[in-house]
1. With every protein chain left in place, what is the accessible area per residue of the chain in square angstrom, probe 1.4 Å?
2. In whole percent, and with a 1.4 Å probe on the protein chains, what portion of the accessible area of the chain is carbon and sulfur?
3. Based on the alpha carbons, how large is the Rg to Rh ratio for segment 7-210 when Rh follows Kirkwood?
4. Read phi for every residue in segment 68-84 and hand back ³J(HN,Hα) as whole Hz from Karplus 6.51 cos²θ - 1.76 cosθ + 1.60, θ = phi - 60°, with x for Gly and Pro.
5. So who's got an amide H within less than 5 Å of the one on D54, skipping anything under 5 residues away but keeping other chains? H placed 1.01 Å off N, in plane.
6. Kindly write out, for segment 20-32 in residue order, the coupling ³J(HN,Hα) from the Karplus curve 6.51 cos²θ - 1.76 cosθ + 1.60 (θ = phi - 60°), rounded to whole Hz, with x marking Gly and Pro.
7. Can you give the Rg to Rh ratio of segment 132-218, both from alpha-carbon atoms, with Rh computed by the Kirkwood formula?
8. So if I average 1/r over every pair of distinct C-alpha atoms in segment 59-156 and take the inverse, what Kirkwood radius in Å does that give?
Amino acid sequence: MRQPDDLADVRASYDRVADAYVQTGAGLLGPEPWLRAALAAFAEHVAPLGPVLDVGCGPGTTTAHLAGLGVDVRGVDLSPRMVQHARRLHPGPSFDVASATELQLADASLGGALAWWSLFNLPRDVLAEVVADLARALVPGGQLLLGTHVGDEDVPRTSAYGVDGVRWTTHRWLPEALVAVVVGAGLEPVTELRFPARGTQPPQVLLCAQRPGVTGRV
Ligand SMILES: C[S@@+](CC[C@H](N)C(=O)[O-])C[C@H]1O[C@@H](n2cnc3c(N)ncnc32)[C@H](O)[C@@H]1O
């Protein structure tokens, strides 16, 4: 898989913002009942199918939440500082430093894969390769749950979470373009949740797609 040219910059930038991310409570699920509902439905479906990988887990909030729902889950993240926080905050699940672009997952080894607002820094063609990689790693019936920012712009960022000196690009996705990516990876869309713009935040989408191979209703 092609490694993004800016991967080192993205890693250093998330290392730089990781403390602020945790201190400001970014990504916490308490105020997000619809996100918790989606995670509950995902957990119910994937837990019996096999282990789940939280790709770009940050400080481990969603990893720990899924673990609390009975899912056998581990987290990986590009940023060593994010992983340090995840290990400190959530002693249960295991967390490792890795890029989504270098996971080397065995075929049909996962019941589910979570990409929770973590893949929007990947160039569009690389995101498609990562989704294909995750799709191949799912067992039949296994699900991918992917959340991201909606739009068609590539937004260069120089600050985030109140911290300057950041260097990354946020690639926003139109939901139909994202659906085309998961379908291109051989997955069947299951459901899609849309969230309108809030304050300075663009609209958001949460897409669930499933590897075919089981009969009946998805
Ligand atoms: C907005 S944070 C979301 C973190 C977490 N999913 C959450 O909801 O709290 C984006 C995360 O994606 C990670 N990330 C960015 N690019 C990545 C890549 N190529 N592979 C793995 N993780 C990546 C960052 O290090 C960061 O922790």
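The values are calculated or read from the model by the stated rules, or taken from the named source; none is laboratory data. Keep in mind that this is a model prediction, so the values were computed, not measured. These accessible areas exclude ligands, DNA and RNA; they are computed on the full protein's heavy atoms, side chains included. Shrake-Rupley method; radii C 1.70, N 1.55, O 1.52, S 1.80 Å.
1. On the way: 9970 Å² over 218 residues.
The answer is 46 Å² per residue.
2. Numbers: 5320 of 9970 Å².
Roughly 53 percent of what the probe reaches on the chain is carbon or sulfur.
3. Working: Rg = 15.6 Å, Rh = 16.8 Å.
Radius of gyration relative to Kirkwood radius: 0.92.
4. x, 9, x, 8, 7, 10, 10, x, 10, 8, 5, 9, x, 5, 4, 5, 4
5. So D54 has HN proximity to R74, G75, V76, L114.
6. My calculation for segment 20-32 gives 5, 4, 6, 5, 8, x, 4, x, 5, 9, x, x, 10 Hz in order.
7. Numbers: Rg = 15.5 Å, Rh = 14.5 Å.
Ratio of gyration radius to Kirkwood radius for segment 132-218: 1.07.
8. On the way: mean 1/r = 0.0699 Å⁻¹.
Result for segment 59-156, one decimal place: 14.3 Å.
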